[in-house]
Amino acid sequence: MRVSQSLLILAATCGAGGLVCATLGATQIPVPAYVLETARATHASADLISLDVSRNAVIDDGGTRRTIGPLIELRRANRALPALPERHFALLTNGDRIPLEPTAPIALEGNRLRLIPAKSLPGAIKSLSLYAPHVVAVFWSAPAGVDDAGIFFGKIQQQTRPRDVVYLTNGDRIEGALTDLSAKGCVIAHGDKKTSLPVERIAGIAWNTDNQARLRSRKAYFRAVLAGGARINFAELRLDEKTRRWTGKTQFDAALEMPEDAVLALDERQGQAVDLADLKPTRYEYRPYLGAAWPLALDRSVSGHPLQLGGSTFEKGLGTHASCSITYRLDNAYQRFDSDVGIDAEHAPRGRARIAIELDGKRVELAEGKELTAKSAPVQVRMAVRGVRVMTLIVDTGSYGDVQAEVNWAKARLIKR
């Protein structure tokens, strides 16, 4: 493993408030190991030297510098991906979850929402001024009566709302048009009246989805998982070899500069990797047990929880329940299928299942045909599909039959040819 000779924290600015950092003296630190994926190969426990804005990486390969890329995935080796923030966070229309400073005020100023990111957010942005239609919701906590915050916030992200909704800490909600938001609280108009609510009574606010505008990038970009749980899309991102710092520009137009240790994972979007959750299967077949029916879940488990496997929380993938099969037409357009597959130990501790994949009708048993349990390590699938026209994912019941037979296909994706 290489050792960095110095760590310099530099000063930078962003359009929505200053980014001010101190300078540290030279220090000896180990360079973390990564797992790097390109369309052609996996590089496990690689020493990452640098990454440019075109997603090409320079690695140390046995003492020799090599350039690989563009990357479709980067993971810190032996580091779990933290859970999604469920307290003091802002949710944007592109799915970004930004941790907020718990005691800092939030203000609506015209069509801009001014927020104070949490100190745990790497990059030390002092404040953000976001275009209000880019914000889905801001929550300080889950309302009273919410049994599972992960399911609740997943619905907030997916629901359509004809009006703004203020969720109160006691579990009540008020729908209408938000007219004011400040450090003191908010004002919401509904019918012929206006209701003023002090900030201590507010659990969160979810905005009218009719007025929202999607944050987008025309080119391929990285979805980042940061230490502390933040999820942020970067239109541009690079790792500097000398300073060992990440510098980039987010989709919400803020400049971030972070120490190397701040980034736990990067996943390519709109490039060579295509998520199965974004494709429509040609067929989904569920074989019911005693009349129960489980639909295919996209980017969540079948029970509505975030996708979890092996202690990590994933945003993309499929949630399935035995017994089922999902068929996709590939038409020889892809070269590889990737996924981490297993049973969520937290939400389906008694679950058992067997998994397989059919390629043009030829069945391949995964995990050597062995039964998966909640204690099983996730199965890493890296399957060549060049020349394949039809791919079917299969989930069969195990020795416990239908009981909690929930199988998550995390980061299930196809790699273009």
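The values are calculated or read from the model by the stated rules, or taken from the named source; none is laboratory data. Everything quoted here is computed from the prediction, not taken from an experiment. With ideal geometry, Cβ positions are generated from the backbone for all residues, glycine too; neighbour counts draw on all protein chains shown. With ligands, DNA and RNA removed, areas are computed over all heavy atoms of the protein, side chains included. Shrake-Rupley method; radii C 1.70, N 1.55, O 1.52, S 1.80 Å.
For the chain, report the accessible area per residue in Å² (1.4 Å probe, heavy atoms, rounded to an integer). Don't skip to the answer; put the middle values down first.
Working: 18560 Å² over 417 residues.
I get 45 Å² per residue for this part.
For S141, what charge total do you get from the other residues with a beta carbon under 15 Å from its beta carbon, if Lys and Arg give +1 and Asp and Glu give -1?
Once positives and negatives cancel, what remains is -2.
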According to a simple spin-label model (label point 7 Å from Cα along Cα-to-Cβ), what is the distance in nm between K416 and K362?
2.7 nm
Here the convex hull volume per residue of region 68-165, taken over Cα atoms and given in Å³, is 162 Å³
How many percent of the accessible area of region 254-364 is carbon or sulfur, using a 1.4 Å probe?
49 percent
Could I have the simple spin-label model distance between R350 and K375, label points 7 Å from Cα toward Cβ, reported in nm to one decimal?
1.7 nm
Within the chain, longest stretch clear of exposed GluC sites (Glu not before Pro) (DSSP loop, no more than 16 other Cβ within 10 Å)
1-240
Name the residues of region 85-110 whose amide N is less than 18 Å from a point 7 angstrom out from the Cα of K155 along the C-beta direction?
86-87
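Please work out the Cα convex hull volume for the chain and give it in Å³ per residue. Let's see the in-between values first.
Working: hull volume 64.0 nm³, N = 417.
So the per-residue hull volume is 153 Å³.
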For the chain, modelled as a Gaussian network with Cα springs under 10 Å, which listed residue fluctuates most, R223, R66, R76?
R66
Residues V53 and A144, FRET efficiency given R0 of 45 Å [Cβ-Cβ distance, rounded to 0.05]
0.45
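How much net charge surrounds H347 when only the other residues with a Cβ under 12 Å from the Cβ of H347 are counted, with Lys and Arg +1 and Asp and Glu -1? If you can, show how the numbers build up before the last one.
Details: positive: R300, R350; negative: D148, D344, E346, E406.
Around H347, the charge tally is -2.
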For a 21 Å ceiling on Cα separation, which of these pairs sit above it: K155/K184; K119/K155; K280/K411; K280/K416?
K155/K184; K119/K155
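Just add up the charged neighbours of K119: K/R +1, D/E -1, any other residue whose Cβ is under 12 Å from the Cβ of K119.
Here the count lands on 0.
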